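The values are calculated or read from the model by the stated rules, or taken from the named source; none is laboratory data. Treat the numbers as computed from the prediction; the structure is a model and nothing was measured. Cβ: placed from backbone, ideal geometry, glycine included. Neighbour counts: every protein chain shown. For accessibility, only protein heavy atoms count, side chains too; no ligands or nucleic acids. Shrake-Rupley method; radii C 1.70, N 1.55, O 1.52, S 1.80 Å.
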Amino acid sequence: TKRAYAVVVMRVPLNDAALSGLTTSAGELMPVFVSGTLNYSASVANDVTTAVFTPTLHDPNATYTIVTAAGPCVGNACALNVGANTVTVTVTAEDGVTKRAYAVEVTRRLADDAALSGLTTSAGELAPAFVSGTLNYSVSVGNQVTMIVLIPTTNDPLATYSIAPISATNMLTVGLNYLTMTVTSQAGTQREYVVIVARAPSNDASLSSLTANVVNGTTYVVLTPTLNDPNATYTIVAATGPCLGNTCVLNAGMNTVTVTVTAEDGVTMLDYIVIVSRQLSDDASLSGLILSSGEIAPAFVSNTLSYTASVPYEAMTSKFIPIPHQPNASYTIGTAAGPCVANVCALNLGVNMVTVTVTAEDGTVAEYVVEVTRLSRVLAIGNVWPKMGVPEGGMPVSLFGSGFTGAYSVTVDGQPVEFTVLDDGRIGIAAMPVGTNLDYVDFVVTTGAGSATAAQGLPPLLPRCRHPRLLAAGRAGLGPRGPGGQPADRDGDGAGAGL
């Protein structure tokens with residue numbers, strides 16, 4: 001007979017929730033692992049995206065879990081974000097109640113990659129071909145390219161970049177344009193890539209329009225070219241020479257005006273030819289007429305052709321200054337004696353007809369006539385000079401004075417006598433009338449300007465006799481006078497008016 005006794009032995013589960021070791025692919029823990037230390041840290045490079053944790057349980061019957069803020073790790077492998085990541089290893093003792101948490105703060109460092117993996121442009125090709133480590137490039141584009149877009153690709157998607165001077169889209173000027181792309185890593189490190197864009201100058205030498213403004217009756221034309229490319233330049237040259245600005249002087253008839261446009265490149269040129277026909281002017285009028293001596297009457301008016309003027313006796317010449325209304329008209333000046341020299345006309349005493357002949361460009365002629373009267377000197381008788389001797393039938397006498405030109409009558413004691421005007425200051429009387437009272441003679445000269453009178457005593461010539469009455473008359477101013485006003489030496493002895 002047997003009897004079995006069963007003894008149930010109950011082993012109390014352990015409450016050991018400790019780790020005897022903890023390692024990680026993230027590197028060395030800080031501080032060195034000690035079972036009783038619950039907080040650690042570790043640092044990994046930016047390119048480390050996961051960390052594997054290997055806990056060693058002090059009690060093999062305990063269990064553990066590994067989690068991050070994002071959730072449970074997969075197979076002890078935990079995903080790491082850039083920056084701080086808290087990984088918690090929670091150990092549960094065999095008794096299922098006792099727990100201990102080990103915390104590891106894993107810092108995934110910021111990336112310091114400031115390199116580009118690619119760079120392209122919207123126009124042209126980079127030279128040399130892009131290589132990440134090459135920092136300087138050039139691009140050549142045509143003049144029609146006014147902007148360029150740089151398209152960079154960063155090694156690190158989280159890196160940033162900026163382009164100076166403007167932005168990823170850059171307006172281009174002709175010539176060299178320097179564009180600098182600065183790439184900044186997450187860690188703040190920077191790298192600069194420089195692209196020099198050479199934009200070619202324009203070869204556009206065309207005009208979009210050309211207008212010509214010819215004012216009626218003038219001698220010039222104004223051309224207004226409009227450049228197709230505002231950076232091009234132009235010059236305008238006429239047959240008469242370079243134009244002043246856009247204004248060209250025109251000759252009569254056909255005029256060739258050339259507008260030469262030079263493109264921005266300084267090489268390409270294009271000539272535009274404008275033929276301007278300017279009709280010959282028929283304007284033969286004067287806008288003014290000036291005399292150096294005297295003034296014309298009436299006051300000058302362009303369509304008045306006849307004038308008069310008076311000049312003093314001393315004005316032996318007068319310069320005429322005609323002002324043609326049309327600058328290309330010509331003129332000549334002449335008198336009855338012939339052409340005037342350098343506009344200066346000789347004037348005779350009395351009336352002088354001066355003709356200004358104006359010839360228009362087309363041959364039309366207009367004549368302006370100025371009747372210039374050169375006045376005589378003041379009519380006056382100064383001295384009466386009897387010649388030596390008493391010819392048969394009377395005695396010849398010379399009158400000295402001024403203003404005798406134009407004299408038409410000479411009387412002696414009221415009797416007309418034959419006379420000759422020798423010049424403006426001298427009249428010769430052929431013979432004194434028979435029976436003239438020589439003691440006191442009245443001489444009268446008459447011209448268009450009036451009459452002049454003089455009284456003179458002309459006693460008979462007696463040999464070497466000085467008559468008291470004649471001497472008294474001479475003292476009274478009635479005796480005969482020579483050209484200088486001195487008593488006449490009638491008997492030739494040098495002693496004055498002796499008898």
Check your understanding: Hey, how much of the P(r) for the range 346-388 falls beyond 16 Å, as a percent of Cα pairs?
Key -> 63
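Rank these by accessible area, largest first, 1.4 Å probe: TYR220, TYR161, TYR368, TYR313.
On the way: TYR220 85, TYR161 105, TYR368 5, TYR313 60 Å².
Ranked from most to least accessible, the order is TYR161, TYR220, TYR313, TYR368.
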Check your understanding: Tell me, how many Å apart are the Cα centres for the range 124-148 and for the range 1-70?
Key -> 59
Check your understanding: Which distance in Å, rounded to a whole number, links the C-alpha centroids of the range 245-273 and the range 98-118?
Key -> 75
Practice item. Please report the Cα spread of the range 226-382 along all three principal axes, rounded to whole Å, starting with the longest. Key: 91, 28, 26
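Carbon and sulfur: what percent of the chain's accessible surface (1.4 Å probe)?
Working: 14970 of 26650 Å².
Whole-percent figure for carbon plus sulfur exposure: 56.
Kindly rank 315-321, 337-343 from highest to lowest mean number of other beta carbons found within 10 Å of each residue. Don't skip to the answer; put the middle values down first.
Numbers: 315-321: 16.1, 337-343: 11.6.
Averaged packing, sorted descending, gives the order 315-321, 337-343.
Among residues other than LEU110 whose Cβ falls under 12 Å from its Cβ, what is the net charge (Lys/Arg +1, Asp/Glu -1)?
Taking every Cβ under 12 Å from that of LEU110, the sum is -2.
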Review point. Counting only the heavy atoms of the protein chains, how much of GLU125 is accessible to a 1.4 Å probe, in Å² to the nearest 10?
Key: 150
Practice item. Any chance you could get the radius of gyration and Dmax over the Cα atoms of the chain, in Å? Key: 64.9, 237
Review point. Using the heavy atoms of the protein chains alone and a 1.4 angstrom probe, what is the accessible area of the range 184-242 per residue in square angstrom?
Key: 52
Revision key, fill the gap. Placing each pseudo-label 7 Å from Cα in the direction of the beta carbon, VAL97 and SER25 end up separated by a distance in nanometres of 3.9
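Summing Lys, Arg as +1 and Asp, Glu as -1, what charge do residues with Cβ under 11 Å from the Cβ of LEU14 carry, LEU14 excluded? List each step's numbers first, then the result.
Numbers: positive: ARG11; negative: ASP16, ASP59, GLU94, ASP95.
Taking every Cβ under 11 Å from that of LEU14, the sum is -3.
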Review point. Kirkwood Rh over Cα pairs of the range 14-72 into Stokes-Einstein at 4 °C, 1.567 mPa s: D in µm²/s?
Key: 101
**Study point:** Per-selection metrics, the range 1-116 (Cα): Rg and Dmax in Å
**Key:** 19.9, 93
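Hey, any idea what Rg/Rh is for the range 79-238, computing Rh the Kirkwood way over Cα pairs? Intermediate values should be presented prior to the final figure.
Details: Rg = 30.8 Å, Rh = 21.3 Å.
Radius of gyration relative to Kirkwood radius: 1.45.
With viscosity set to 0.692 mPa s and temperature to 37 °C, compute the Stokes-Einstein D of the range 205-287, Rh being the Kirkwood radius across alpha carbon pairs; µm²/s, no decimals.
240
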